[in-house]
Amino acid sequence: MRDALAERLLANVMNWSPADMRDERPILQALALLKYDEYQQFSPGMRFVESLALWLEQFAPDERQIAYDFVRSRLIFLSEAEMAHFAAVMYPDFLRPMLLDRAAAADGTSPHRVSQVARGPTFERLQASTLFFGLSDGASPHHSREL
């Protein structure tokens, strides 16, 4: 019953006919099932379609389809497991090699001499002076400052 109400709310916000809703339902259900409904940071009891409808309502009616199309085709959602994997591989697989390349270039050393570069003072200085930080969907733009 709650899903039907959420679908009616979305159809109303988007000015969709029953046929439009029927066409979009499989996509919405897939998005909810595969990504959103497992997400742990959304409001308790609020499901994907309801949340989407409320989000879309903030836009002018002529902008809602653009926003919906963005969510449907361009937005990338990372599950908790995917985010944990991303965090685990980001430094060793991407950031450390970048710092090693910069240190090698600064020292005039071949970037293939990884052990030598990694033990050098330039790499240690770059690593120590690099600030790593993350933002989450809970981060408020009102509480952040540009560095």
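Of the residues Ala88, Ala105, Ala128, only one is modelled with pLDDT under 95, farther than 29 Å from Leu75 by Cβ and in a helix (DSSP H, G or I); which?
Ala128
Can you pull out every residue in segment 71-130 that is surrounded by fewer than 12 Cβ atoms within 10 Å (Cβ to Cβ) and polar (S, T, N, Q)?
Ser73, Ser110, Ser115, Ser129, Thr130 - these are the residues of segment 71-130 that are surrounded by fewer than 12 Cβ atoms within 10 Å (Cβ to Cβ) and polar (S, T, N, Q).
If you go through segment 14-57, how many residues are farther than 13 Å from Val71 by Cβ and at pLDDT 90 or above?
So the answer is 12.
Within segment 71-85, take every residue that is at pLDDT below 85 and part of a helix (DSSP H, G or I) and give me the one that is farthest from Ala30 (Cα to Cα).
Per the stated criteria, the residue is Ala84.
The values are calculated or read from the model by the stated rules, or taken from the named source; none is laboratory data. Note that the structure is a prediction, hence the values are computed from the model and not measured. A quick note on method: Cβ atoms are made from the backbone with ideal geometry, for glycine too, and the neighbour counts reach across all protein chains shown.
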